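I have placed the structure first, in the form of structure tokens, so that the comments after it can refer back to it.
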Amino acid sequence: MRRVIAFTLAGLGAFLIVVAVLLPTVVAGKVVKFPINTYVVTTLTGTNVSYFSPSLVRPVTGATMRVTDTVKGDPQASTSSTAVWDEFTYLYDVTNAKEFSYSSRRAAFDRRTSQLINCCGANISGNRSIRQTGLSGYVWPIGTQKTTYGVFDTTLLRPMPYTYEGTGTIHGISVYRFVEQVAPTRAGSETVPGSLVGMPQAPSVTLPEYYTATNTDWVDPVTGAILNVTETQQLILRDATGAHTLLLFDGHLAMTPQSIQQAVSLDQSGRNKINLLEVVVPLVAGLVGLAALITGILLARRRPGDQPDAADSKENEPALA
């Protein structure tokens, strides 16, 4: 019986040690993923914003702008490896009680790397011909590194480099800071009345839009969650000579403290799950497994003076003639 117990303990110990090795290296990679049924509303605000109001048909200055960004997962379209999220962004001038603009987006991306996937009806404001590539911009890779990533820019409609520029702390969580710097870059065109751009003789003119921005994400490198965002953006129209003719938007936007706290709370849940699978359970399993293995080995060794088990005694009895 003693040998049976010894072999059982040794086998259990070896099994637990294997589990301790596999959990953080294999199992966690299959279990820890971005959710498919997310629902998050994030708010950014900015003061002293200038923009051209389509409803007022005139420039507006000194406005307080509120951006409400709603992201909802589509579990039916998602899979074990791909998440599909829908987004609706609404900009509202609080000062003048006027809607400024709105847009929508549907994106599919890898549930661990955040790399965009061209499937599942992905579109920008209903336009499915736009191919979304790079990181989704909703989340960053699980295990984000200190390097430059290409993140899809919904204004320029292509991935743009976000450069790692240092670390920080948000509510006790260590984060990496990534910055996108966009020099004046053409981002489309806009048709406006000629009188607005110094061309009163023309009923309407189509001019190129130029976009300038400094966008910053603070990312938890463990989970890939974005805990804070700031955006400094300018959008202007230029004429054929390249001269500035009409300001469409100029402002600095930042996540509200309430949205930051919400992001931190959601992130903490993900950190706890990763910590459980990659640290706590492997550590406990490894220690218990090691103890069981050592105990089994010690029990299996027969000490001087020990009486053999009954089973061993029967095996050693001489055969009757």
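A quick yes/no check of all residues on (1) under 18 Å from the mean Cα position of the chain (by Cα); (2) open to solvent by less than 30 Å² (accessible area, probe 1.4 Å):
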| position | (1), (2) |
| --- | --- |
| T47 | no, no |
| S55 | no, no |
| T61 | no, no |
| M65 | no, yes |
| D86 | yes, no |
| T89 | yes, yes |
| T95 | no, no |
| K98 | no, no |
| Y102 | no, no |
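Residues that are under 19 Å from I124 (Cβ atoms) and either modelled with pLDDT under 95 or open to solvent by 30 Å² or more (accessible area, probe 1.4 Å) (or both) do occur in segment 159-173, at least one of them.
Looking across I130, I124, one residue alone is of a type in the set (A, V, I, L, M) and more than 21 Å from Q234 (Cα to Cα). It is I130. Which of the residues that make up segment 168-204 are in a loop (DSSP other than H, G, I, E, B) and polar (S, T, N, Q)? Those that are in a loop (DSSP other than H, G, I, E, B) and polar (S, T, N, Q): Q201, S204. Has segment 31-38 got any residue that is among the hydroxyl-bearing types (S, T, Y), assigned to a strand (DSSP E or B) and at pLDDT 75 or above? Scanning segment 31-38 turns up no residue that is among the hydroxyl-bearing types (S, T, Y), assigned to a strand (DSSP E or B) and at pLDDT 75 or above. In segment 211-232, the qualifying residues are those that are small (G, A, S) and in a loop (DSSP other than H, G, I, E, B), and the one that is least open to solvent (accessible area, probe 1.4 Å) is G224.
Condition first: charged (D, E, K, R), modelled with pLDDT under 65 and in a loop (DSSP other than H, G, I, E, B). Can you find one or more residues in segment 237-249 that meet it? No, every residue in segment 237-249 fails to be charged (D, E, K, R), modelled with pLDDT under 65 and in a loop (DSSP other than H, G, I, E, B). Residue check: V84 meets all listed conditions (1) over 25 Å from D267 (Cα atoms); (2) touching an Asp or Glu at 6+ places or on another chain (Cβ under 6 Å) but one, namely (1). Out of the residues in segment 142-158 that are open to solvent by 20 Å² or more (accessible area, probe 1.4 Å), assigned to a strand (DSSP E or B) and in contact (Cβ under 8 Å) with a residue 24 or more places away in the chain, state the one that is farthest from T223 (Cα to Cα). Checked segment 142-158; the qualifying residue farthest from T223 (Cα to Cα) is R158. Assess whether D267 counts as being part of a strand (DSSP E or B), modelled with pLDDT of 70 or more and either among the aromatic types (F, W, Y) or crowded, with 16+ Cβ neighbours inside 10 Å (or both). Considered against the rule, which asks whether it is part of a strand (DSSP E or B), modelled with pLDDT of 70 or more and either among the aromatic types (F, W, Y) or crowded, with 16+ Cβ neighbours inside 10 Å (or both), D267 comes out as no.
Going through segment 112-141 one residue at a time, which ones are under 20 Å from D220 (Cβ atoms), of a type outside the set (V, I, T) and either modelled with pLDDT under 95 or out of contact with any strand residue (DSSP E or B) (no Cβ under 7 Å at 6 or more places or on another chain) (or both)?
Initial filter on segment 112-141 (under 20 Å from D220 (Cβ atoms)): 112-115, 134-141.
From what's left, of a type outside the set (V, I, T): 112, 114-115, 134-138, 140-141.
Scanning segment 112-141 gives R112, P141.
Looking only at residues of segment 124-136 that are closer than 24 Å to P35 by Cα and open to solvent by 30 Å² or more (accessible area, probe 1.4 Å), we find that the one that is nearest to the chain's Cα centre (by Cα) is T133.
The values are calculated or read from the model by the stated rules, or taken from the named source; none is laboratory data. Owing to the predicted nature of the structure, the values given are computational and were not obtained by experimental measurement. No Cβ is skipped: glycine too gets one built from the backbone with ideal geometry, and neighbour counts run over all protein chains shown. Keep in mind that these areas ignore ligands, DNA and RNA; they rest on the heavy atoms of the full protein, side chains included. Shrake-Rupley method; radii C 1.70, N 1.55, O 1.52, S 1.80 Å.
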